[in-house]
Each structure stands twice: as structure tokens, then as C-alpha cells.
Amino acid sequence: MEKNSVVSALLNYVKGEQRELDLLIRRLQLTECKDKYAADVLLQMKDSVSLLNPDCFSVVVQELLKVSWFNRSAEVVKLYHSFIVNLVSAHSTYTEAVLTSMVALFMPKKGVVAAVEGTSQEQTDEDRQKSYEAAMIHVHNAIASVLKAVPSAGHMLFSIIHDKFPYIFHKDASVVEMYIQNILYVTKYCPPIRSQILSLVIVKMINLDTRASRELIEEANETDSEDEELFDLEADATPKEHVDESRNKLTEADRLDTIMCVMFNYIDSVCRNPDSSLNWEATKKLYLELLSLFEKKILPTDECCHTQYLLFYICSLKPSLADGFMDYLWKKVKNPNEDKIYRIYAISYLASFVVRASYVSVRSAADAITLFCEWIHRYISTASHNSMHNDIAHHGTFYSVVQAVFYILAFRQKEFLEMGKANAFFLSLNLQTIVTCRLNPLRVCQPVITRTFASFVRKHQLAFCDAIIERNNRLTVPIAEEVSGPPHLESYFPFDPYLLIRSSVKVADLYRVFDGTAIIDIELNKEQDEDDFVQEDNSMVVDDDFGKSPAEAAFLGSISPGFNAPIHSLR
């Protein structure tokens with residue numbers, strides 16, 4: 001290419017002679033365009049950006065931004081990089097167009113294969129993925145340089161990211177996955193918009209999460225298994241196509257599973273140093289951002305099943321994070337100015353967290369129960385005598401805290417019995433006063449929790465609930481049920497068993513599974529023959545459903561140690 005030919009084409013374009021410049025740009029956009037030609041054009045364009053006045057050349061610039069550059073030679077990549085930086089430095093009006101063209105590259109039209117045009121068809125998907133990721137580094141470097149040249153463009157970048165977010169049910173799931181991976185990578189060089197990007201991703205996750213309830217996931221998986229069994233029974237059936245056992249059968253669950261994998265990996269990349277040691281400062285910042293998003297997005301969402309495991313996972317990285325999470329929730333429970341439903345959700349999270357998180361020690365669980373019981377006794381002593389009746393609408397927080405105590409004691413009873421000074425601990429709780437108070441929590445708490453707790457405390461003579469439970473069973477509920485709400489607390493267990501297949505590997509070692517030690521007298525169940533328990537002998541039965549999914553058994557859980565320390569004191 002002749003020297004100054006680009007300048008000549010630009011000047012002629014201003015005069016109305018567009019053919020020369022149009023041919024130059026079209027040749028540049030061709031995939032067959034040689035790197036030498038592309039480098040010559042970009043070099044001259046870079047030195048001529050002062051001529052690209054937005055009033056005359058906005059269309060030309062738009063066409064230049066469509067050039068495939070990130071998968072070319074290092075020289076072309078470097079020159080294109082310099083071109084766009086010079087362009088936005090000379091004409092800040094082009095900043096939005098430049099950033100839009102870059103963000104569009106986060107979302108390959110046909111997945112990994114089309115993302116990197118220079119890759120061989122003989123390459124494996126893994127090789128193409130690596131090639132795509134390497135090419136995307138050039139894109140991110142370019143965006144970072146643009147942000148450095150135009151510091152105020154950060155919020156503009158987020159607006160573009162938000163608007164360009166692909167449809168969550170895009171027919172090519174890899175498009176959504178790659179887009180999320182790329183926008184999370186943006187947070188590494190543009191920290192001011194990290195909270196906004198995390199919020200955007202979490203909202204998308206919640207939309208999937210609420211559509212993929214535990215019942216629907218289990219039903220989809222069971223239906224698929226039944227179909228496979230029926231297929232195998234057909235004598236003349238043709239061989240069935242191989243089913244990927246690592247995929248969830250429910251579409252919403254499978255998409256959520258993919259995003260959970262991306263988010264878990266992102267937490268690791270932020271919180272871990274190259275040698276796998278913990279980067280405490282980075283971890284603390286990310287934790288506080290996720291906690292803020294938990295309060296704004298996750299906590300208010302009813303029947304959210306898996307998104308909250310982001311907090312569950314990051315809290316496992318250091319005990320003080322779990323303490324801070326529990327401190328935050330407990331303060332919300334105690335605060336009378338909080339909306340009642342949020343206080344109930346908060347105690348549900350607390351209870352489920354202490355019961356299910358394997359990194360929460362028994363000492364922590366004991367400290368939590370102590371705090372709960374102190375609050376319960378104060379509530380009983382200060383409640384008006386006229387209001388001392390079973391009214392979930394009025395005393396919902398109280399019943400939820402009591403149920404949390406019952407749940408933790410029932411679920412982790414073996415550990416409590418084995419810890420030092422167990423008798424003194426149980427006596428300090430004064431459980432008999434709680435179960436015999438006029439508010440009658442045994443009538444309101446979930447039956448499976450009530451029965452298991454009653455069996456435990458009776459066996460060790462900590463409290464006696466049988467007579468109260470039998471009396472409650474004989475009571476008939478009048479029309480007042482319509483006034484006071486449901487007869488039992490709703491069962492919401494935020495950290496019930498994790499059902500997403502691929503991302504479960506990150507949670508499995510952190511999760512406490514019920515060991516089946518809860519024993520219940522059959523006499524308490526003689527009026528409720530619902531096959532919920534499997535009889536072992538003439539006097540005892542084991543509740544098989546205790547501690548399982550909400551569809552099978554209702555559960556809640558408690559808090560942790562050290563959560564008296566305020567969040568701002570984390571070090």
C-alpha cells in the first residue's frame with residue numbers, strides 16, 4: 001500500500017468521493033485480508049485519527065469497528081489497539097461506539113468455533129476454547145486502555161454490558177456462559193463497576209433459580225430415569241442415544257448449574273493467590289459486596305434454592321467470614337424495625353447455615369443456641385398477657401427462632417452430647433420454660449422438627465413435651481385459622497441439599513449431611529400414620545426424612561460462633 005493512501009482516501013471522502021475509502025474498508029473487513037495489508041491500513045489510520053471528525057466519519061468509524069482484529073497477528077492486534085486508543089483520545093464521542101463493539105465480542109455468534117476464525121476445524125472444543133480465551137485477552141486489554149484514556153467511561157461500559165446481556169435461554173448455552181465469564185473478567189481492571197456486574201449476574205441467576213424449584217428438578221430427573229427404565233424393557237427397542245449424566249434434565253437448572261460453576265471459579269480467582277493461599281484483603285472486599293447483594297437481591301426472594309450458595313461457599317474460606325455472615329443475619333432477626341418477613345427469612349438462613357455448613361463447629365452452634373434462647377426468654381417475659389396465644393401473624397419471628405433451636409438440637413444432637421460440659425449447657429437453655437409457655441410453640445413449629453426434638457429432650461430428660469403434643473393433636477382448629485394464618489410455620493430451608501450436578505463438586509465437602517441419629521418414640525406418631533418413619537422395633541422409629549429436601553421434610557437451622565463481632569471488625 002502506498003504511503004498516505006489512507007489520508008488521501010479520507011480527504012476525498014470529505015469531498016464526496018467515497019468509493020476509494022469504501023473499497024479500502026471492505027477489503028480490510030474480509031477474512032482473507034492479509035495481515036500485511038491490515039497492518040499498513042491501521043498504521044495510517046492510527047496516525048490520521050484527527051481527521052475522523054464525528055460529523056463526517058461516524059459511519060466510517062462504525063465500519064472500522066467491525067473489522068475482525070483480535071485473532072490476527074500480534075502486529076495487527078497492537079496497531080488496532082493503538083488506533084482505538086488514539087481515536088477516543090482525539091474524539092471522546094466515539095467512546096460508546098468503541099466499547100459497544102468490544103462488548104459485542106464477548107458473545108460469539110456461533111459459540112467457540114466461530115469465535116476464533118483462524119482455528120482449525122481439526123481442533124478439539126477444548127483447544128478452541130483456549131484459543132478463544134487467548135483472543136479475548138486482547139479485547140480486554142483494549143477495553144482497559146480505553147478506560148484509562150477516558151476514565152469516566154466506566155459507567156458507560158456497564159450500561160453497554162447490561163444492554164448487551166444475551167437472552168438467558170439462548171439456544172447456545174455457551175454464549176451466555178462466555179458472556180458472563182467475560183464481564184466478570186472486566187471487574188479485574190474496572191473495580192468501580194464490580195458490584196453492578198455482580199448484581200446483574202445474580203439477578204439473572206435468581207430468575208433461573210425461582211423457575212427451577214427443588215420439586216421441579218427432582219421431578220425432571222425422576223421422569224427421565226423412569227423413561228430410561230421403560231425404554232430398556234422394550235424388547236425391540238433401538239439403542240438409545242447416550243445421555244450425559246453430568247447435565248441437569250431441567251433446562252433452567254442446567255443453565256443455573258453452568259452459571260454457578262462460573263461464579264464459584266470467579267470467587268476462587270479473586271480470593272486465591274497463584275500459590276492457592278488466601279488473599280485476605282481481596283476476599284474481604286468480595287465478601288462484603290456479595291453480602292450487600294444478598295441483602296438486596298437474594299434474601300427478599302422467596303423459594304430461592306441455589307443462588308445463596310455463593311455466600312455459603314465464600315464463608316468457608318475463613319471462619320471470620322462465616323462469623324460476619326451470621327452476625328449480620330442475627331442483627332436483622334433481633335431488629336424490631338425490620339420487616340417481619342425478612343426477620344423470619346433471616347432466622348431461616350441462620351438455622352440452615354449452622355446445621356448444614358460443615359465448617360461451623362459444634363461450639364459455634366452451642367453459642368448460637370444460647371443467644372437464641374436468651375432472646376426467646378426475654379420475648380416470653382415481655383410479651384403482653386393478652387397476646388399470649390397462637391398467632392403466627394403476630395409472633396412469627398418468635399416461633400421461627402424457637403423452631404431454629406429445636407432444629408439445631410435435633411440435627412446435631414450427637415455432637416452436643418459429646419462436647420464438654422454438655423449437661424451444664426443444656427440446663428442453661430431452660431428448655432422446659434420454652435415448651436410450656438402460653439405461646440405454645442410445639443403447636444406451631446413444623447411437626448417433623450417438633451417430634452424429633454421431643455424425642456431427644458425426653459430421652460435425656462431435658463424437657464417433657466409429650467403431654468403438650470398430645471393435647472395439641474386433640475385440638476380442633478376453628479375458623480380462626482383463616483384469621484391467624486396457617487397452623488404451622490412455612491417450611492423454607494435455604495441450604496437444603498444442593499441438586500445442581502456439575503457445580504456440586506464445590507459444595508460437597510463443605511456440606512453436612514444428616515446422619516440419621518434422630519430417634520422418635522412411635523407413641524408420638526400413633527395418630528399420624530403417614531409412613532414418614534420406618535419402624536425399627538416395637539418402641540422406636542427413625543425419621544428417614546429428617547434433614548432431607550423440603551419436599552420430604554421441613555427443616556431450618558441456626559447460627560455460629562464469634563458472630564458477636566461486628567462485620568466492620570473483620571481482619
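If I filter the stretch 463-477 down to residues being in contact (Cβ under 8 Å) with a residue 24 or more places away in the chain and assigned to a loop (DSSP other than H, G, I, E, B), which single residue comes out as most open to solvent (accessible area, probe 1.4 Å)?
So the residue we want is PHE464.
Of all residues in the stretch 154-186, how many are touching a residue at least 60 places away in the same chain (Cβ under 8 Å) and either assigned to a helix (DSSP H, G or I) or among the hydrophobic types (A, V, I, L, M, F, W, C) (or both)? Before you say what the answer is, go through the steps one by one.
So in the stretch 154-186, the residues touching a residue at least 60 places away in the same chain (Cβ under 8 Å) come out as 156, 160, 164, 168-169, 172-184.
Add one more test, that the residue is either assigned to a helix (DSSP H, G or I) or among the hydrophobic types (A, V, I, L, M, F, W, C) (or both), and what stays is 156, 160, 164, 168-169, 173-184.
So the answer is 17.
Could you list all residues from the stretch 189-199 that are assigned to a helix (DSSP H, G or I) and free of Cβ contacts under 8 Å to residues at least 60 places away in the same chain?
Our first condition is that a residue be assigned to a helix (DSSP H, G or I); within the stretch 189-199, this holds for 189, 191-199.
Result: TYR189, PRO191, PRO192, ILE193, GLN196, ILE197.
For the structure I just gave you, tell me whether GLN62 is under 22 Å from ASP163 (Cα atoms) and open to solvent by 40 Å² or more (accessible area, probe 1.4 Å).
Numbers: under 22 Å from ASP163 (Cα atoms): yes; open to solvent by 40 Å² or more (accessible area, probe 1.4 Å): yes.
For GLN62, the condition - under 22 Å from ASP163 (Cα atoms) and open to solvent by 40 Å² or more (accessible area, probe 1.4 Å) - is met.
Regarding SER348, is this residue under 12 Å from THR397 (Cα atoms), touching a Pro at 6+ places or on another chain (Cβ under 9 Å) and either at pLDDT 95 or above or small (Gly, Ala, Ser) (or both)?
Details: under 12 Å from THR397 (Cα atoms): yes; touching a Pro at 6+ places or on another chain (Cβ under 9 Å): yes; either at pLDDT 95 or above or small (Gly, Ala, Ser) (or both): yes.
Against the criterion (under 12 Å from THR397 (Cα atoms), touching a Pro at 6+ places or on another chain (Cβ under 9 Å) and either at pLDDT 95 or above or small (Gly, Ala, Ser) (or both)), SER348 qualifies.
Considering (1) farther than 22 Å from LYS332 by Cβ; (2) small (Gly, Ala, Ser); (3) open to solvent by 10 Å² or more (accessible area, probe 1.4 Å), say which one SER455 fails and leave the rest.
All conditions pass for SER455, except number (3).
Could you please find all residues in the stretch 114-148 being modelled with pLDDT of 95 or more and more than 20 Å from MET178 (Cβ to Cβ)?
SER145, VAL146, LEU147, LYS148
Assess whether SER364 counts as being touching a Ser or Thr at 6+ places or on another chain (Cβ under 6 Å), open to solvent by less than 10 Å² (accessible area, probe 1.4 Å) and not hydrophobic (A, V, I, L, M, F, W, C). So that I can check it myself, show each step before the final result.
On the way: touching a Ser or Thr at 6+ places or on another chain (Cβ under 6 Å): yes; open to solvent by less than 10 Å² (accessible area, probe 1.4 Å): yes; not hydrophobic (A, V, I, L, M, F, W, C): yes.
Spelling it out, SER364 is indeed touching a Ser or Thr at 6+ places or on another chain (Cβ under 6 Å), open to solvent by less than 10 Å² (accessible area, probe 1.4 Å) and not hydrophobic (A, V, I, L, M, F, W, C).
Return the total of residues in the stretch 21-49 being open to solvent by 80 Å² or more (accessible area, probe 1.4 Å) and over 11 Å from VAL67 (Cα atoms). Step through it out loud before you land on a result.
Residues of the stretch 21-49 that are open to solvent by 80 Å² or more (accessible area, probe 1.4 Å), as a first pass: 23, 26-27, 30-32, 34, 36, 47.
After this cut, where a residue has to be over 11 Å from VAL67 (Cα atoms) as well, the list is 23, 32, 34, 36, 47.
Residues meeting the conditions: 5.
Cβ-Cβ under 9 Å, sequence separation 6+ or interchain: first residue in the stretch 445-462 and free of Cβ contacts under 8 Å to residues at least 40 places away in the same chain, partner part of a helix (DSSP H, G or I). Which pairs?
From the stretch 445-462, the pairs are LEU462/LEU409; LEU462/PHE426; LEU462/LEU427; LEU462/LEU429; LEU462/LEU431; LEU462/GLN432; LEU462/PHE456.
Having 3 or more residues that are open to solvent by 10 Å² or more (accessible area, probe 1.4 Å) and out of contact with any Asp or Glu (no Cβ under 9 Å at 6 or more places or on another chain) is the bar; report the helices (runs of 4 or more DSSP H) wholly within the stretch 248-346 that clear it. Step through it out loud before you land on a result.
On the way: elements: 251-271, 280-293, 309-315, 319-334.
Hits in the stretch 248-346: 251-271, 280-293, 319-334.
The values are calculated or read from the model by the stated rules, or taken from the named source; none is laboratory data. These figures come from a predicted structure and were not determined experimentally. All Cβ positions, even for glycine, are placed from backbone atoms using ideal geometry, and neighbour counts span all protein chains on display. We work out accessible area using only protein heavy atoms, side chains counted, and drop any ligands, DNA or RNA first. Shrake-Rupley method; radii C 1.70, N 1.55, O 1.52, S 1.80 Å.
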